[in-house]
Structure formats: structure tokens, C-alpha cells
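To keep things clear, I will list the structure first and then write my remarks on it.
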Amino acid sequence: GAVVSQHPSRVICKSGTSVKIECRSLDFQATTMFWYRQFPKQSLMLMATSNEGSKATYEQGVEKDKFLINHASLTLSTLTVTSAHPEDSSFYICSAPGQGLYEQYFGPGTRLTVT
Amino acid sequence: EDKVVQSPLSLVVHEGDTVTLNCSYEVTNFRSLLWYKQEKKAPTFLFMLTSSGIEKKSGRLSSILDKKELFSILNITATQTGDSAIYLCAAPGGSQGNLIFGKGTKLSVKP
């Protein structure tokens, strides 16, 4: 099946710094990728939709200036958490729709801890 | 607004028990319902259901969809400690075609 990778899998950073998370579709092209966030003991919540060749679409309540998304190519989307704060500590997961109408492929996730 | 609701939120059973996890949904232009198992990392795919009344089965897990009553169940028979996880139900929805997730059911299987 299709594979989506994420890097890094785990990152610890200091408050005020920026962190970049990469999401790659390894064996297929993805014009759209989704970025989800999962806080402890909560479900996955969509943050934004990354679109190749156009601006990302952010969900209500997600600051676009804080969570910068760049869909650089048909196989790469990046999420940059700028000026990270401890409350940004979370599990970030990307997914990409597959060729099948209903398929979605998840990356392995990135656990961000901001100290 | 599209939504997916799971119950119970948490369940503790002993090995060998059978469990039923519930998922109800309200999704405009419903296309499919998906079940995932999440342990420590990203969710892993279990089932995709698109048609009512057709049971999907994989080993001790099975699932069925009722499009009239807008719900699905996930059954696990003869549970094992390795079944301990969060089980997520999701449906494609929203304006972007993203998955809308329920809050999940945390299953703990005790030896």
C-alpha cells in the first residue's frame, strides 16, 4: 500500500523556537495533504489542509501565522510551528488521500514537546 | 456540522471477553466509515465500510454499518492484551474531504 513518512518522529524544543515537520508521500503524488493534531487523551483534530500550488486552508481556531504550511511539491508538505510554546506540545500527524476514492494514508506522526 | 460520536469512551475487559464498540455519525454526503486502531503512534487502518448490512471481518475483529440508523459497530471476540488500544471511528467529510474522527474508545484488556 501507499506510504507516507514524517520527519522527525520526535522533537523536543525550547519555548520560543521554531520546529519544522516534514510529511512525504513516498510512492504516490499527493496534491492534498491533511495535518492533524492530537492532544493527550483526545482524538485527532484537523488543523489544516495543505494544497500543492496554492495556500493552505486552516480550520477555525488554528493560527495560520503560527502554523506555517508549505506544500513544496507533489510529494512533500511541511508544517512549521513558529515561536513554539508548551501548549503546542502535541502529536502531529499528516495524511494524504490515496488513489482510491475513500483511502487515506497516515504518516507515523511527530511528537512535539516544547519545554 | 458533520460529526462522529463514539461510545463508550473507555472500556476495561478481561482476556477472552467479547467487546462491541459503537460509532454513530452525521455526515453530509456520506461516503464511507472507517475504523482505526491507535496504539502509541499513528492510527492503523482496520476497516472501511460503505454498504449497509455487509459485515467485514478480519480475524477476531468484525464490523458492520447501518446507513439507515447512521451507526457502525466494531466487534472484537476473544480479546487479548494486544488488543488494548484506542479505537477510532472516522468518516470523510468537511469541505476539504478530510477525515472527521470520533473521540475514540480506549480499550484496556486485562490478563
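A:TRP35 meets the conditions (1) buried (at least 17 other Cβ atoms within 10 Å of the Cβ); (2) modelled with pLDDT under 95; (3) touching a Phe, Trp or Tyr at 6+ places or on another chain (Cβ under 9 Å) in every case but one. The failed one is (2). One residue stands out among those in region A:53-62 that are under 14 Å from the mean Cα position of the chain (by Cα) and more than 9 Å from chain B (Cβ to nearest Cβ): the one that is most open to solvent (accessible area, probe 1.4 Å), which is A:TYR58.
Looking only at residues of region B:57-111 that are farther than 21 Å from A:ILE93 by Cβ and basic (Lys, Arg), we find that the one that is most open to solvent (accessible area, probe 1.4 Å) is B:LYS68.
Collect the residues in region B:1-44 that are in contact with a strand residue (DSSP E or B) (Cβ under 8 Å, 6 or more places away or on another chain), basic (Lys, Arg) and exposed (fewer than 14 other Cβ atoms within 10 Å of the Cβ), keeping them in residue-number order. B:LYS3, B:ARG31 - these are the residues of region B:1-44 that are in contact with a strand residue (DSSP E or B) (Cβ under 8 Å, 6 or more places away or on another chain), basic (Lys, Arg) and exposed (fewer than 14 other Cβ atoms within 10 Å of the Cβ). Determine, yes or no, whether A:VAL11 is within 12 Å of the chain's Cα centre (by Cα), closer than 28 Å to B:TYR87 by Cβ and aliphatic (A, V, I, L, M). Taking the combined requirement at face value, the residue does not satisfy it.
Residues in region A:14-31 that are open to solvent by less than 30 Å² (accessible area, probe 1.4 Å) and more than 10 Å from the chain's Cα centre (by Cα) were compared, and the one that is farthest from A:HIS85 (Cα to Cα) is A:PHE28.
If you go through region B:47-62 one residue at a time, do you hit one that is in contact (Cβ under 8 Å) with a residue 40 or more places away in the chain and outside any strand (DSSP E or B)? Checking region B:47-62: not a single residue is in contact (Cβ under 8 Å) with a residue 40 or more places away in the chain and outside any strand (DSSP E or B).
Out of A:SER18, A:SER9, A:SER43, one residue alone is farther than 17 Å from A:ALA96 by Cα, facing chain B (nearest Cβ under 10 Å), in contact (Cβ under 8 Å) with a residue 40 or more places away in the chain and not β-branched (Val, Ile, Thr). It is A:SER9.
The values are calculated or read from the model by the stated rules, or taken from the named source; none is laboratory data. The structure presented is a predicted model; accordingly, all values stated were derived computationally and were not measured. Counting neighbours? That spans all protein chains shown, and the Cβs are built from the backbone with ideal geometry, glycine included. Heads up: the accessible areas ignore ligands, DNA and RNA and are worked out on the full protein's heavy atoms, side chains in. Shrake-Rupley method; radii C 1.70, N 1.55, O 1.52, S 1.80 Å.
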